[in-house]
Structure formats: structure tokens, C-alpha cells
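What follows is a set of notes on a single structure, which appears directly below.
The values are calculated or read from the model by the stated rules, or taken from the named source; none is laboratory data. The shown structure was predicted, so the numbers you read here are calculated from the model rather than taken from an experiment. Every residue, glycine among them, receives a Cβ derived from its backbone with ideal geometry; neighbour counts consider all protein chains shown. The area values use the complete protein model at the heavy-atom level, side chains included, leaving out ligands, DNA and RNA. Shrake-Rupley method; radii C 1.70, N 1.55, O 1.52, S 1.80 Å.
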Amino acid sequence: MLRIQQLKLSPDHSQEELVGAIRKSLRLAQNQPFSYEIIRRSIDARKRPEIFYVYTVDVDCRGEKTEKQLLKRAGNKNVSLIQPAKYRFPASGTEPLSLPPVIVGTGPAGLFCGLMLARAGYRPILLERGQSVPKRQKSVEQFWKTGKLNPDSNVQFGEGGAGTFSDGKLNTLVKDPEGRIRFVLQNFVQAGADAEILFSNKPHIGTDVLAGVVQNLRNEILSLGGQVFFHTRLDDFCALGNGIYRLSLQDTACDDPKDGFGDCSAWFLNTSVLVLAIGHSARDTFRMLADHQFDLRAKSFAVGVRVEHPQQLINDSQYGENCPYELEAAPYKVTHKLADGRGVYSFCMCPGGYVVNASSEPGMLAVNGMSYHDRAGENANSAIVVTVSPEDFGGCGPLDGLEFQRKLERNAYEAGQGRIPVQRFADFQANLPTREFGKVTPRMKGCFSPANVRQIFPERIGSAIEEGITAFERQIKGFSDPDTLISGVESRTSSPVRISRDAGYESSYPGIYPCGEGAGYAGGITSAAMDGIRVAEAIASKFSIDFLEK
Ligand SMILES: Cc1cc2nc3c(=O)[nH]c(=O)nc-3n(C[C@H](O)[C@H](O)[C@H](O)COP(=O)(O)OP(=O)(O)OC[C@H]3O[C@@H](n4cnc5c(N)ncnc54)[C@H](O)[C@@H]3O)c2cc1C
């Protein structure tokens with residue numbers, strides 16, 4: 001396969017122009033047939049208003065000349081011969097496995113682990129404390145409207161995991177010689193995502209599409225003999241011997257007219273293979289694991305605020321004012337180094353999106369961001385965060401970071417009196433509560449109120465955020481405008497805990513596999529899905545399917 005990189009065309013180019021550019025790069029005769037696949041498309045606006053789409057394409061030429069000869073004749077440094085990595089799942093191992101593997105969590109890690117094991121014939125059982133997508137959407141909409149939180153089914157918990165109510169950004173920086181990233185994206189496309197995610201350099205699905213994609217992946221697992229139990233929470237387990245574990249499961253869906261939510265009945269399930277794909281917000285489950293002396297380690301993470309600007313301000317900054325092209329809502333990435341060496345940076349930027357109330361514990365408030373596939377919202381938002389470490393937590397116990405998150409979220413809940421606290425940047429600088437908003441209007445999912453967000457944080461973090469936002473004015477004009485909106489607290493940027501695992505992906509308990517973001521081995525949808533695949537590979541290459549009870 002011949003790969004052409006750095007193929008530049010204006011954003012309003014036609015397909016014929018792309019074909020022409022390929023033919024010219026390879027110096028192919030007009031009648032030389034070829035097929036091509038777009039591998040990457042990015043926007044180059046560095047010399048705005050001159051803006052280009054920059055393509056990487058793979059070309060398959062049929063004809064008498066070999067690719068080596070075509071490569072030589074092209075004499076173009078942007079053309080190379082490549083062998084695309086094709087992802088392969090390992091063959092099954094030989095160790096007998098009588099009971100189906102159990103996977104806790106249906107976020108990207110749990111879902112892809114389940115999907116791979118189901119395709120390989122292991123008939124996995126997936127447990128999810130939250131509701132299936134349709135019911136979960138109702139619970140979340142009700143929470144955003146009334147503030148009534150379902151602690152087991154919300155923006156963090158439920159089918160599809162934390163990422164279901166998100167922008168569904170899929171880029172990851174994880175190294176990937178095996179080709180798992182493209183495999184994950186191809187599976188998202190098969191399950192209904194737009195094929196553009198296969199070549200966009202900033203692929204995103206959008207929460208409106210992601211909801212369907214997650215259900216299609218779940219239905220494939222069911223069609224292959226897997227089982228999925230929603231509103232089922234793993235509360236505890238015990239070892240029965242011979243490698244068998246007995247899981248204590250709690251049904252979390254019980255329509256109690258008094259409060260509508262509550263625990264119902266408990267039941268038990270035995271297995272010898274347990275995957276913990278529990279996500280970064282399963283605080284009760286982390287405590288249960290700590291009680292069982294799992295080897296847990298505190299892990300650094302970042303906390304901060306979410307900022308909102310008019311999307312047009314960002315477009316003008318990134319593409320130039322009066323940009324003549326119809327381009328997608330512009331993203332940005334900004335970073336700044338503080339005097340004490342710590343970094344302040346933007347995280348999970350949502351073009352044309354909404355700030356969401358992403359809380360999962362009563363009396364606590366955390367925010368995050370989401371957008372729909374069209375990213376047509378009026379505002380751009382992103383988290384502006386600072387890395388925190390045991391010095392900030394005030395202790396280096398494995399769960400101290402988690403308790404620090406909870407402390408900030410309690411402060412945020414109080415600052416907004418149960419609503420999302422929102423402040424103008426000018427008031428953040430003055431450490432004064434905002435009375436009324438200026439030219440930027442909050443675009444939020446969840447009730448919000450003007451407040452003093454700065455008081456949520458220890459001053460060391462408050463001043464770091466202020467210094468960062470002020471510094472970003474140099475990168476994006478208007479970033480530190482007095483009316484820029486600040487909301488908080490952004491505390492769930494990644495897991496505050498790592499569950500140790502060995503080279504076989506097993507924890508200190510044989511047969512129990514920590515997996516995904518919650519276990520501290522991923523950050524984001526795609527890398528969590530990749531970790532789910534890795535754990536499935538480890539289980540499959542060890543165990544045979546031949547002994548599975550019918
Ligand atoms: C609002 C929001 C927006 C985001 N936007 C993006 C984005 O655009 N791009 C991106 O890459 N990442 C984004 N993220 C982060 C991304 O969602 C996570 O990195 C990813 O979902 C981690 O996947 P996971 O499978 O490891 O865990 P999770 O997705 O957190 O899934 C864990 C699942 O386990 C379940 N669970 C936990 N404990 C138990 C138990 N005891 N019993 C049964 N079930 C249990 C939970 O209910 C949950 O469904 C966003 C997160 C949020 C909250």
C-alpha cells in the first residue's frame with residue numbers, strides 16, 4: 001500500500017480535486033486506475049486566513065508497475081510504502097474455565113472487554129449498577145431539571161459508563177503498534193458512529209449518537225450469548241476456594257413511591273474470572289476493595305474549573321475573523337507553566353457544547369462538558385485544571401485523593417446551594433460572588449446560580465487557575481475577558497486511585513482483573529476501550545472455552 005501524507009487542499013475542495021491531487025503526487029497516468037482510503041484529515045490554520053485540509057491517504061494501485069516502482073517514480077518525500085497494522089485477537093488458552101467471566105461496569109472498558117470475550121465464545125456476564133441508556137437518559141434529564149440525583153444512575157453511572165453524556169471525543173495519545181485504536185473506531189462505526197471518526201484527527205461521536213452506539217454494542221454481546229444485568233451493583237465478594245469467588249450483588253432499581261429510588265434485593269453469582277471496569281467514580285467500590293486489602297495506590301490527577309466563551313470568539317481566534325469556509329466549531333488546547341513548576345492546562349474541550357452537572361453523590365457537585373454531534377451550541381467550554389498530588393490531599397493514603405475530590409465537591413455544592421456555581425472571571429479575580437452575568441450566557445445541563453467559585457479551592461489552586469486563564473489571553477484573544485464564565489468543580493479528570501495488576505493483568509487476587517480508567521490504566525473513551533481489549537486478550541489467551549458449563 002502506498003501512503004501519501006501532507007496532501008493539502010482548500011477546505012471547500014471537491015472529491016475530483018482530491019483524486020487529482022493523489023494522481024499528481026504519485027505522477028500516475030490519467031488512465032491509471034487506483035482506489036484510496038482517507039486515513040487522516042486535519043485542519044491547518046497556522047497561516048490563517050489561508051486554511052487547508054491536510055490529508056493522509058492510502059492508495060492501492062492496480063496495474064503492471066509494482067508499488068516499489070511507483071514509489072520510485074513518484075520521487076516524493078511524502079509518499080511511502082506501508083503495511084497497515086491489522087488488529088488480531090489471540091487464540092484461546094488451555095486452562096479450564098467452567099463459569100462465564102463476569103465484568104463489572106459497562107463503560108468503554110467493560111463493554112469492549114465483554115464484546116471481545118463474547119465474540120470469542122466466552123458468554124460473559126456484564127453487571128452495571130446504573131440503568132440502561134433509555135431509562136438512564138430519563139434519570140439524568142430529571143436530575144438536570146429538578147436536582148433529584150439517582151446515586152446509582154447518573155452522568156457517571158449507567159449503560160455506556162461516564163462517556164455516554166459526553167462530547168465523545170475519541171482521540172488518545174496512547175502508543176498503538178497493534179492497531180487497537182483503529183479497531184475500536186471501526187467497531188464504533190459498525191455500531192452506528194459516523195465513519196468520519198476513522199480519519200478525522202479530532203474524532204468525536206457526540207452524546208446523541210453515542211447513546212445508540214452503546215446499545216448496539218450491548219445487543220451484539222447479547223446476540224453472542226452474553227448477559228447484561230442493569231441496576232446491579234457489586235457490593236462485596238468472598239473467596240470460596242479453588243479460584244471461585246462469590247459476588248454479592250445489590251439490585252439498585254426499586255420504584256419506592258416514597259423516594260423513587262432505593263436498594264431492593266441482593267443476590268449472588270459465582271465466577272473465577274472477575275473484571276473490575278468500575279470507572280473513576282465508584283468510590284464505594286474502591287472502599288470495598290481497600291477493605292479486602294487490594295494493593296491500591298494514590299494516583300495524581302487534576303482539578304479545576306470549567307470556562308465558557310462564545311464559540312465565535314474561539315472560531316475567530318483559530319480560523320481568523322470572517323473565515324470564508326464552513327468549518328467545524330474550532331477546538332483549542334492551551335497550557336501554562338506556573339512558577340512552582342506545576343502546569344495549568346485545558347482539558348476535555350467541548351466546542352459548541354454544554355457544561356453538565358456530572359455529580360454522582362448527594363450533597364456534592366462536580367461538572368464536566370458535553371456536546372451533540374453537530375457541536376452547534378453557542379458556547380465553547382473546557383476544563384482549566386491544575387495537577388494535584390498528595391501534598392494537596394494532605395495525606396498519601398490510597399484513598400486520600402478521592403477524599404480530596406469529595407471535599408472540593410462538597411464546597412461546590414455549598415457555593416451554589418445545590419446548583420452549579422457560576423462566576424464571571426472578573427469576580428473570580430476579586431474573589432467576590434457574581435451577582436449578574438455579562439455578555440456571556442451560561443449554557444448548562446443542570447440548574448445553576450451566580451456564586452463565588454474561587455472559594456471552593458485552597459488559595460494555591462485558586463491563584464494557579466487565575467494565573468493560567470490570564471496567561472491564555474496570549475494564546476487566544478478574549479480568553480480572560482471579565483465576562484468569561486467560570487463554573488465548578490471539575491474534579492473527575494481521571495482516577496485518583498490505581499489498582500495494582502501484574503503482567504498478566506491480574507490483581508493481588510488471582511482471577512480478578514482491574515481494567516480501564518477507574519483502575520488507573522486509561523484516560524478517556526478510546527484508551528479505556530483499548531484497555532478492555534487488552535484484559536480480554538489476557539483472559540482469552542489463558543482460558544479455554546471448552547469447559548464452559550452449557
Ligand atoms: C460528562 C463527561 C464527559 C466526558 N467526555 C469525554 C470525551 O469527550 N472523550 C473522552 O475520551 N472521555 C470523556 N470522558 C471520560 C470518559 O468518559 C472515561 O474516560 C471513560 O468512560 C472511562 O471508561 P471506563 O469504562 O474505564 O469507566 P466508566 O465509563 O466510568 O464506566 C464504569 C462503569 O462501571 C459501573 N460501576 C461502577 N461501580 C460498579 C459496581 N460496584 N457494580 C456495578 N457497576 C459498577 C458504573 O456505573 C459505570 O457505568 C468524559 C466523562 C464525563 C463524565
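Worth pointing out:
- The mean sequence distance of close C-alpha pairs (under 8 Å, at least 6 residues apart), as a share of the length of the chain, puts its relative contact order at 19 percent.
- Only protein atoms count toward the accessible area here, which uses a 1.4 Å probe; on the chain, the carbon and sulfur part of that area reaches 51 percent.
- Sparsely packed chymotrypsin sites (Phe, Trp or Tyr not before Pro) within region 465-550, loop by DSSP, other Cβ within 10 Å at most 12: F547
- Amide H contacts of N379 (H built 1.01 Å from N, in plane; Pro and chain starts excluded): Q311, G353 sit under 5 Å, all sequence-distant by 5 or more or on other chains.
- In a fully extended conformation the segment linking R410 and V174 would gain 81.6 nm over its present Cα-Cα distance, using 0.36 nm per residue.
- Remark: relative contact order (region 429-540) = 16 percent; criterion is Cα-Cα distance under 8 angstrom and separation of 6 or more residues.
- A Förster distance of 30 Å, applied to the separation of the beta-carbon atoms of T441 and D374, puts the FRET efficiency at 0.95.
- Phi-derived couplings, Karplus 6.51 cos²θ - 1.76 cosθ + 1.60 at θ = phi - 60°, listed residue by residue for region 73-90: 5, 4, x, 10, 5, 8, 10, 9, 9, 9, 10, x, 6, 10, 5, 10, 8, x Hz, with x used for Gly and Pro.
- Region 1-51: trypsin sites (Lys or Arg not before Pro) falling in loop per DSSP and having at most 15 other Cβ within 10 Å: R27, R46, K47
- FRET efficiency for R48 and L9, using Cβ-Cβ distance with R0 set to 22 Å, rounded to 0.05: 0.85
- Listed values for region 217-227 are Karplus-derived 3J(HN,Hα) couplings in whole Hz (6.51 cos²θ - 1.76 cosθ + 1.60, θ = phi - 60°), namely 5, 4, 5, 5, 4, 5, 5, 9, x, x, 10, and x replaces Gly and Pro.
- Probe 1.4 Å, protein heavy atoms only - accessible area per residue of the chain in square angstrom: 42 Å²
- For region 21-73, the relative contact order comes to 37 percent (Cα pairs under 8 Å, sequence separation of at least 6).
- Restricting region 152-222 to trypsin sites (Lys or Arg not before Pro) that sit in a DSSP loop and have at most 14 other Cβ atoms within 10 Å of their own Cβ leaves K175.
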